[in-house]
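Q: Mind looking over this structure? Questions follow.
What follows is calculated from the coordinates using simple rules that are stated; it is not laboratory data. Fair warning: this is a prediction, and the values are worked out from it, not measured in the lab. Virtual Cβ from ideal backbone geometry, glycine too; neighbours counted across all protein chains shown.
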Amino acid sequence: VTARGMMHLYSLWNASNMDKIFIGPEGSDYRVAHLEVARTNILFTAYLFYDMIHILHQYPKLGAGDTMAHHMLFAFCSIINGTYGIMPFQFGWLIVGELSTIFLNWRWFLLKSGRHAGSLLENINSMFAGSFFLCRIGIYTAGIVHLYIFSMSELKSLPSPDVSGVPLSALGITCGCMLLGWLLNLYWGTKILKKVARARPKVVVQDTAVATKAGQKKRRSKRE
């Protein structure tokens, strides 16, 4: 879905704000791109429900309440947006964030297979953190700014019967869910930063110990 999310962003990049926020009727300029978004939305929603069942079955080994909240928020948004044909461009930058999930799953596999240390795990941790901050905070924040600042007039027009006809309450829920998802990503980001901060002193101590031992060996060899 990450690759398809990138495809959706590319195909709708030059679209008008209205075409980015609403799937128009048949014959519109971006009809093909919009239908591809709808197809990805079905796949993504199915994956979310499958993963929630998996998490509940293994609870809390695969995730706690925050993970379930994240999945439920996005599943709810996907159902509302898919039903009323809204937020196609926003859906693109939302699912691009799943890039970090690849490295998170890889990290989980390494830990479950007994590899709790080593250069491979360190590299995976770095790629997870980097992709998380790039997609789930950087791109997500840019999307939130574009939606609520540069597309506000189009956003307000969506409940009109001449546009999507989405109930104002449902639109408020999906917009609120996107904001909550953004706040949840910021919360996870702070947890990642804390783990990185705790890991760095250990690395410094280890490097200092290695350097000290190496210096002692050199002094001994000179004395001999």
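Q: Putting +1 on Lys and Arg Cβ atoms and -1 on Asp and Glu Cβ atoms, find which of G63, M178, A199 reaches farthest to the positive end of the dipole of the chain.
A: Working it through, the farthest residue towards the positive pole turns out to be A199.
Q: Please report the projected area of the stretch 27-98's Cα convex hull averaged over all directions, in nm².
A: Result: 4.9 nm².
Q: I would also like to ask the following. Scattering from the C-alpha atoms of the chain alone, worked out with Debye: what is log10 I(q)/I(0) at q = 0.08, 0.12, 0.13 1/Å?
A: -0.39, -0.72, -0.81
Q: Beyond 27 Å, what share of the Cα-Cα pairs of the stretch 40-168 is found? Please give it as a whole percent.
A: 31 percent
Q: E26 versus N123, label points 7 Å from Cα toward the beta carbon: distance in nm?
A: That separation, rounded to one decimal, is 5.1 nm.
Q: Using the crude model of +1 on Lys and Arg Cβ and -1 on Asp and Glu Cβ, and no other charge, please compute the dipole size for the stretch 88-158 relative to its Cα centre, in debye to 20.
A: Computed charge dipole of the stretch 88-158: roughly 200 debye.
Q: Still on this structure, I have one more. Hey, what do the phi angles of the stretch 181-197 turn into as Karplus ³J(HN,Hα) couplings, whole Hz, using 6.51/-1.76/1.60 and θ = phi - 60°, x for Gly and Pro?
A: x, 5, 5, 5, 5, 5, 5, 5, x, 5, 5, 5, 4, 5, 5, 5, 5
Q: Taking the Cα centre of the chain as origin and charging only Cβ (+1 Lys, Arg; -1 Asp, Glu), how large is the dipole, in debye to the nearest 20?
A: Approximately 2280 debye in magnitude.
Q: OK, next. What is the packing order of peptides 159-171, 17-29, taking the mean over residues of other C-beta atoms within 10 Å and listing the highest first?
A: The peptides rank, most packed first, as 17-29, 159-171.
Q: Where does the stretch 73-114 land on Rg(C-alpha)/(2.2 N^0.38 Å)?
A: Scaled against compact globular proteins, the figure is 1.62.
Q: Output wanted: per-residue J couplings in Hz (rounded whole) for the stretch 121-134, from phi through Karplus 6.51 cos²θ - 1.76 cosθ + 1.60, θ = phi - 60°, x for Gly and Pro.
A: 5, 5, 5, 5, 4, 5, 5, 5, 4, x, 5, 5, 6, 5
Q: About the Cα centre of the stretch 1-134, how large is the charge dipole given +1 on each Lys and Arg Cβ and -1 on each Asp and Glu Cβ? Please answer in debye to the nearest 20.
A: Dipole magnitude for the stretch 1-134 comes out near 360 debye.
Q: Right, another one. Averaged across orientations, what area in nm² does the convex hull of the alpha carbons in the stretch 120-194 project?
A: Quarter of the Cα hull surface area: 5.9 nm².
Q: Using R₀ = 25 Å, calculate the FRET efficiency as 1/(1 + (r/R₀)^6) where r is the Cβ-Cβ separation of R115 and K194; round to 0.05.
A: Efficiency, from the Cβ-Cβ distance: 0.65.
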